[in-house]
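Enquirer: Next up is a structure, given as structure tokens.
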Amino acid sequence: MEYIFGKNPVIELIKSGHEVSEIFMENSPAKKPFFREVIAKMRELKKVIKYSYVTREKLTNMCLSPDHQGIAAEFGGFKTAGIQAYLKEIGKKEDIFLFILDCIHDPHNLGAILRSSYSLGVSGCVIFEKRSAKINATVAKTSAGAVFHSKLIMSEGIFDAITNLRGAGFTVLGCEMNAEKNIFDYNLKKGRYAVILSNEGEGLSGKSQSKIDGTVKIPMAADFDSLNVSVTAGIIAYEYARQGFAK
């Protein structure tokens, strides 16, 4: 069992298909209106979930953080799929867009990427078992609960992901500030695409570049080093969504 906390994460957890064991709410009159909203959402969705009122101190100890907004939930754990299982699941589906998240160690960046990706219709995110921030309560809170609706695809590492996805017909692109082509040059809604987003401090390794189909960039108006990786993800995710809106 794991704990998550915060208003939006708990609401989205309730709305998702995850198993929820219990919801804990701070015994504070000031927060009662929101708690009534949570209880109403459970009833609306016909979810029978145990809930109880506890002290703020107990919530803080439970969450290992004072930033719980007076609410937390115990649940069965985050849902992920192995990359082989995911490829079997999608079968012959033609138009898919994924992010491959390489060396994203900051849980706040990871949560922000998941929030943008889910909101803008990205099919899923490939995350590595040893080269990624752990999916945890911080990721859930930063994603505003989007993590519970996102397709999280686990891979052993970057080369495993590239090999499996290219073998399944994906065009794999790396996002690099010095690339010749722009991300806007691609019709991301037509075909299978996966874009690698790397930690801005490390970038995409030369060995990885040698195994992919090409690199792309986001054109910049100023001569500046780079964008934060979560901002980059948001721009690319919006371009993917925009191409669908433009039809």
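Enquirer: When both residues are 6+ apart or on different chains and their Cβ atoms are under 7 Å apart, which pairs have a first residue that lies in region 87-98 and is buried (at least 17 other Cβ atoms within 10 Å of the Cβ), and a second that is small (Gly, Ala, Ser) and part of a strand (DSSP E or B)?
Expert: Here the result reads LEU98/GLY124; LEU98/ALA194, each pair linking region 87-98 to a residue that is small (Gly, Ala, Ser) and part of a strand (DSSP E or B).
Enquirer: Something else about it: Looking for whichever is within 20 Å of the chain's Cα centre (by Cα), of a type outside the set (Lys, Arg) and modelled with pLDDT under 95 here; the options are GLU156, GLU180, GLU176. Which one fits?
Expert: On the way: GLU180 fails: within 20 Å of the chain's Cα centre (by Cα); GLU176 fails: within 20 Å of the chain's Cα centre (by Cα).
Exactly one of GLU156, GLU180, GLU176 is within 20 Å of the chain's Cα centre (by Cα), of a type outside the set (Lys, Arg) and modelled with pLDDT under 95, namely GLU156.
Enquirer: If you don't mind, another one. Looking for something in contact with a helix residue (DSSP H, G or I) (Cβ under 8 Å, 6 or more places away or on another chain), surrounded by 15 or more Cβ atoms within 10 Å (Cβ to Cβ) and closer than 20 Å to THR142 by Cα - is there at least one such residue anywhere in region 40-51?
Expert: For region 40-51, residues in contact with a helix residue (DSSP H, G or I) (Cβ under 8 Å, 6 or more places away or on another chain), surrounded by 15 or more Cβ atoms within 10 Å (Cβ to Cβ) and closer than 20 Å to THR142 by Cα: absent.
Enquirer: Which of the residues that make up region 126-144 are buried (at least 24 other Cβ atoms within 10 Å of the Cβ), touching a strand residue (DSSP E or B) at 6+ places or on another chain (Cβ under 7 Å) and part of a loop (DSSP other than H, G, I, E, B)?
Expert: Hits for region 126-144: nothing passes.
Enquirer: Considering only region 40-54, state which residues are touching a strand residue (DSSP E or B) at 6+ places or on another chain (Cβ under 7 Å) and of a type outside the set (Lys, Arg).
Expert: Selection gives ILE49, TYR51, SER52, TYR53, VAL54.
Enquirer: Condition check: surrounded by fewer than 11 Cβ atoms within 10 Å (Cβ to Cβ) and either at pLDDT 95 or above or under 19 Å from the mean Cα position of the chain (by Cα) (or both). Does GLY76 satisfy that?
Expert: no
Enquirer: Which numbered condition trips up ASP67, out of (1) more than 13 Å from ALA137 (Cα to Cα); (2) at pLDDT below 95; (3) not hydroxyl-bearing (Ser, Thr, Tyr)?
Expert: (1)
Enquirer: Let me ask something else. Being within 27 Å of GLN209 (Cβ to Cβ), at pLDDT 95 or above and surrounded by fewer than 16 Cβ atoms within 10 Å (Cβ to Cβ) is the requirement here; does GLY82 meet it?
Expert: Yes: the conditions hold for GLY82.
Enquirer: Search region 183-204 for residues being of a type outside the set (A, V, I, L, M) and in a strand (DSSP E or B), and hand back the single one that is modelled with the lowest pLDDT.
Expert: Restricting to residues being of a type outside the set (A, V, I, L, M) and in a strand (DSSP E or B), the top hit is SER198.
Enquirer: Further, regarding this structure: Need a quick list: helices (runs of 4 or more DSSP H) entirely within region 37-125 having at least 3 residues that are outside the structural domain of ALA241 (by TED's automatic domain parsing).
Expert: By residue number, 56-63.
Enquirer: If you don't mind, another one. I need a count of the residues in region 151-173 that are crowded, with 21+ Cβ neighbours inside 10 Å, assigned to a loop (DSSP other than H, G, I, E, B) and in contact with a helix residue (DSSP H, G or I) (Cβ under 6 Å, 6 or more places away or on another chain).
Expert: Result for region 151-173: 0.
Enquirer: Might you check whether a residue that is assigned to a helix (DSSP H, G or I) and not assigned by TED's automatic domain parsing to the domain that holds ILE162 occurs anywhere in region 21-28?
Expert: Taking every residue of region 21-28 in turn, none turns out to be assigned to a helix (DSSP H, G or I) and not assigned by TED's automatic domain parsing to the domain that holds ILE162.
The values are calculated or read from the model by the stated rules, or taken from the named source; none is laboratory data. This structure is a prediction, so every number in the text was calculated from the model and none was measured. As a convention, Cβ positions derive from the backbone with ideal geometry for all residues, glycine included, and neighbour counts pool all protein chains shown.
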